[in-house]
1. Taking other Cβ within 10 Å of each residue's Cβ, how do 36, 46, 225 sort, fewest first?
2. Cα atoms only, the stretch 265-381: Rg and Dmax in Å?
3. When the scattering of the stretch 188-319 is computed by the Debye formula from its Cα atoms alone, each counted once and equally, what is log10 I(q)/I(0) at q = 0.10, 0.15, 0.18, 0.21 Å⁻¹?
C-alpha cells in the first residue's frame, strides 16, 4: 500500500498533490516523472512537505481534478487570468479555483495545459452574468488599465443626481470586476496592475477605482507597489490592491520581503556546464543538451545587432537613455515586456566579445517570472514571449497571498488581533 501524506486543508498544494499521486503511483515512478532522485520523494513523505514548484508536475500525474473542493481552505476565481500566475500562488496555499476567465485563445491553451481538468475557461468576461459565477471567497484579477469617461458623471453632478460605479466605470473592464464584487460579495479580492495605474489619466483612473471599491462597494482597501526584483532578477514594479469585506489586521509590512539584489540572472539562464535540467516537455526546443548550448536561433543576426547598436548610439548622442539592455550572469534585468518577441532589446544576454548577444529563451522568460520548470510552454516562441511579458511575478503573488492567508482560512472569518510574522 502506498504511503500517503496526512494532508489537511492548510497543507501546501504540492503536498496534497503528492498525497493523491501516491495512491496510484509508486514513489520511484513519481521521482522519474519529476526528474528527481527517489530519495527526494521519500524525504518529502517523511517530512510531509513538498517544494511548491513541484505542484504542477505532480498535478499531471492525477487522472481527475484536484484538489477536492470539499477539502479546500478557501475558494477563488481567476479573472483576466492570463497563464495563471496569480492562481499558482493561491492554489499552493490550499485554495480551490472555481471559475476562470481569459479571452485570449493562446493564453487559454497555455492555461489549460498547466491546469488540466476542472472547469472550462470562460472567454469574454463582459458576456458573463455575475449571477452565473460560482460563489467564492477571493476574487483575483489582473485587469487591464483603461481611462474612464467623465461625461456621464459630470452631467449627473450638474443635475444633482446620485451616481455609482456603474456610471463612472461602464465600458471599462474594471466595471466587470466591480459588478462581480457587488453581486457575489467575496470575503476578499486581489487586483494587480501596472505601477502607472496610480498616475494614469492624471490620477483620475485610480481615484475612481479606489472610491468604487471603498465607498461604493464598502471594502477595506490597501495597496502597495512591489518590485519583482525582491523575488527574481528583474525590475518589475506592479501595484497590488487588496481589499477585505470585513475589517482585518492585514498589513503589507507584516512579512518582510527579501532584499533586492539577492537574485541575479545566473539563477534563470540555461546552464552550459552540463547541469541544465533535461525537461521532457521541452526536449531540445530551447537548449541543446548534447552540446550543452542554447540553440543558435536565439543569437541575434549581424543585421539586427548592428541596428540595435546604431539605434542606441543615436539616442546617446541626443542625451536619451533609449537602447538595448545587455545582461550577464551577475545582472538584474530590465522589465520583460510583451513586445520582447520583436527584437529582445530590453534583455539581451552577453555571449562574449566574439559572438553577438542572444535573446532569452521562453524557458528563461518563464524562470524570470518565477514559474517553475514544470510549467509547460505549448505555444510558439512569439506567443510565449507575449504571455510571459504580460504575466505576473509568481513570487510577488505568493508573498501577498501568504499575507492574506490568515484572513482567508475557514476558521478565521472574524477580525483578529494584529498579525506580525517574526523576521528570521
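Each reported figure results from applying straightforward, stated rules to the coordinates on display, with no laboratory input. These numbers were taken from a predicted model, which means no experiment stands behind them. No Cβ is skipped: glycine too gets one built from the backbone with ideal geometry, and neighbour counts run over all protein chains shown.
1. Working: 36 17, 46 10, 225 13.
Fewest to most other Cβ atoms nearby, the residues stand as 46, 225, 36.
2. Rg then Dmax for the stretch 265-381, in Å: 14.8, 49.
3. Debye curve over Cα of the stretch 188-319, log10 I(q)/I(0) at q = 0.10, 0.15, 0.18, 0.21 Å⁻¹: -0.65, -0.96, -1.05, -1.19.
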